[in-house]
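Note sheet for the following structure.
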Amino acid sequence: MVKNGLVFRKNPLYEKCPSCNAVGLLRKSRARSTKEKIIKILTPYGMYRCKKCGWRGYRTKFILTKQSVKNSIVYIFLIAAVAYIVLQILKRFA
Ligand SMILES: [Zn+2]
């Protein structure tokens, strides 16, 4: 697992199966339809299949952490503050 600040990378292969709760039995599954291929390309979701019960569905490789939500709020606040200061400066020289 790699922590990069904003998101926490996880490996769905070690997750519990949502259907039978077996741990470590999820395997990557090939996208069968165009819709699944599009989802695979455009989203962090991928198709997974349970070896035990045959469950098949989407799992994500990324989860947002509490820390990442905090960081995002700080960044948004900083950007807003900088934008406000720049506007004030521009007003002064206009
Ligand atoms: Zn299962």
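The values are calculated or read from the model by the stated rules, or taken from the named source; none is laboratory data. Bear in mind the structure is a predicted one, so any value in this text is a computation, not a measurement. Because the Cβ atoms are built from the backbone with ideal geometry, glycine has one as well, and the counts that use them run over all protein chains shown. To get the accessible areas, we keep the full protein, side chains included, count just its heavy atoms, and leave off ligands, DNA and RNA. Shrake-Rupley method; radii C 1.70, N 1.55, O 1.52, S 1.80 Å.
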*Give a quick list of trypsin sites (Lys or Arg not before Pro) in region 40-90 that DSSP marks as loop, anything other than H, G, I, E or B, with at most 16 other Cβ atoms within 10 Å.*
Lys51, Lys52, Lys61
*Any idea how far apart Asn21 and Ala94 come out in nm if each label point goes 7 Å out from Cα toward Cβ?*
6.3
*Check cross-link reach from Lys66 to the lysines: straight Cα distance under 19 Å, and skip same-chain residues fewer than eight apart.*
Lys3, Lys10
*Would you mind getting me the FRET efficiency between Ile79 and Lys37? Use the beta-carbon distance for r and R0 = 22 Å, nearest 0.05.*
0.05
_Computed Rg/Rh of the chain, alpha carbon atoms with Kirkwood Rh_ = 1.27
*Among Ser29, Ser19, what's the order by accessible area (1.4 angstrom probe), most exposed first?*
Ser19, Ser29
*Tell me, in nm to one decimal, what length is gained between Ser72 and Cys53 on full extension, where the rule is 0.36 nm per residue of separation less the Cα-Cα distance?*
2.9 nm
